[in-house]
Structures are given as C-alpha cells and as structure tokens.
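Everything below concerns the one structure shown next.
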Amino acid sequence: MSFVNDASSFLASALRYPRGFDAVVTRAARRTHPKPLELFEFEACPYCRKVREALCELDLDYLCYPVAQGSPRRTRLKRLGGKVQVPYLVDPNQKTALYESDDIVAYLYRHYGSEAPRDSGWLRIPGLFNDGLSFFASAARLGRGRRCRVPNSRRRLKPLELFNMEGSPYCRKVREVLCELDLEYFVRNVPRGSPQREELKRIGGKIQVPFLIDPNTGTAMYESDEIIDYLEERYGVATSDGEE
Ligand SMILES: N[C@@H](CCC(=O)N[C@@H](CS)C(=O)NCC(=O)O)C(=O)O
C-alpha cells in the first residue's frame, strides 16, 4: 500500500512539475517580515493547490486551516467570508481577504513577488490547462485530503508546524492526513533557495522535508510514514476532551 501511495503522490507531483519546488522570490528579498498569511483550504482541491504552490514559490509561511468536507471549521469560514468556498486567503498585513484562486495568486505575486505569476507562461495558455493538470493531480490521489475523518478542530490544540515544500510527494502525504484529521498547522515553506532551509537544519539537524513539530506533545520528526503513523495514533481517534 505504501508503494501505491508513494507512486500516486509522485504522479501528482509530476503532473504539476516544476510547480512548488523552487523559490521564485525568497524571503531574503523582502524588506519586512510579513505576518503569516492564513489559508482555508483542503488538500484535494485543485484550486487550493495553485495557491499553495504560489505561497511556496514566494517563500511565504502561512497558517493552514483545513476545511475538508465535514469539518466543523467550515462554520468559521462561512462566518468570515460569507460562503463555504475554498481557497480563501486572509492577509492580516494588508487587512485583506479573498476567494478565487486566480485572484489570490495574482494578489500574492503583486504584494510579495517581484515577477508576474509563474503560470503566466505556457501553463497559462489556456488557463484551463493549468486547472486541468491540477484536477488530474488530485484525481491521482484518489480522494485523499477531501473528507474530514476526525473533527479535531473542536479541540483546543496548538497549531502543529510543518516544514514543507509544496511539490514534494512526501509532504503531500502528510498534508493530506493533517487535512483529514482537521488539524490546524503552520506551514514553514522551504522551497529550493529559501534561507529558511538553514533554520530547518538548525532545528532538525538536516535539510529534509517533511519535518513536523507538534508543540502539544513536544514531538519533532522527519520521515513521512512515521509522521503519518504518529498523527493517526495521536489524533486519528475522536475524543471528547477539550471540546469547545
Ligand atoms: N473559481 C474558484 C473555484 C473554487 C471551488 O470550486 N472550490 C471548491 C473546492 S475544489 C469548493 O469550495 N467547494 C465547496 C465544498 O467543497 O463544499 C477558484 O478558482 O477559487
């Protein structure tokens, strides 16, 4: 099963290659450190992928609020934005919030990049081709990261932290499980070229993703399969503790 899981995640990455691997602009080029952006999304959504890719390529960190089908967090999304639709980006720096993936990507490049969006080239002609590839990438994952299995957003948990590269097939497996388990997490992007890679090396000892930190238990670990086992064991069973 692990082989099939890895192979289909590689296929999803290949369909989107080279998106979500390299920094187009690094955080070193910015004069100020923006407050982390906030993204309501779910992993299987092809539109959300386009936004996550842009965040990674712009070397931006963000708080991820998974709102997979069945997540109680959807109520909050509706309250904030007016409707249950993802992606939904909140930018506390500009006091802005917006729906629509293409608008969000353009916004991100306008405010945090020095170039036009990466998909303004061949991937953009026609734009539908870009969306189509993203749909196929989601299809390759056979519905993973679409449904909330355990409503952990009802619990009072500190956000987990994930050192992440959007295009990595191993990171995808972890994000899918975080999404299905309804866990809020802080994404620390480390695309190739990001200075944050040094921070990862300082904390974990090597430059490898995914790397998960769980401040609720003091756990920090590499290796996607081990991270998934940890998440399933710790958060994969519904509990009634600390419910809001
Ligand atoms: N044109 C929008 C389309 C967004 C969209 O259709 N999102 C779907 C998920 S892929 C959604 O929010 N569905 C509501 C739901 O899952 O209940 C965009 O590019 O952002």
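What follows is calculated from the coordinates using simple rules that are stated; it is not laboratory data. Just so you know, these numbers come straight off a predicted model, no measurement behind them. Because the Cβ atoms are built from the backbone with ideal geometry, glycine has one as well, and the counts that use them run over all protein chains shown.
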Phi-based couplings in Hz for the range 198-211 (Karplus 6.51, -1.76, 1.60; Gly and Pro marked x): 5, 5, 4, 5, 5, 7, x, x, 7, 8, 8, 10, x, 9
Potential extension, residue 33-residue 69 segment - 0.36 nm per residue separation minus Cα distance: 9.6 nm
R0 of 30 Å, Cβ-Cβ distance residue 237-residue 10: FRET efficiency to nearest 0.05: 0.50
Members of 158/206; 50/158; 78/206; 35/206 lying beyond 32 Å, as alpha-carbon distances in this model show: 78/206
Charge sum, other residues only, whose C-beta stays under 12 Å from residue 213's C-beta, Lys/Arg counted +1 and Asp/Glu -1: -1
Residues whose placed amide H lies under 5 Å from that of residue 60, excluding near-sequence neighbours: none
MRE, 222 nm, helices only [DSSP H, n ≥ 4, -39500 (n - 2.57), over the chain, to nearest 500]: -12000 deg cm²/dmol
Residues in the range 152-173 that a label on residue 225 would reach, taking backbone N under 19 Å of a point 7 Å out along Cα→Cβ: 168-173
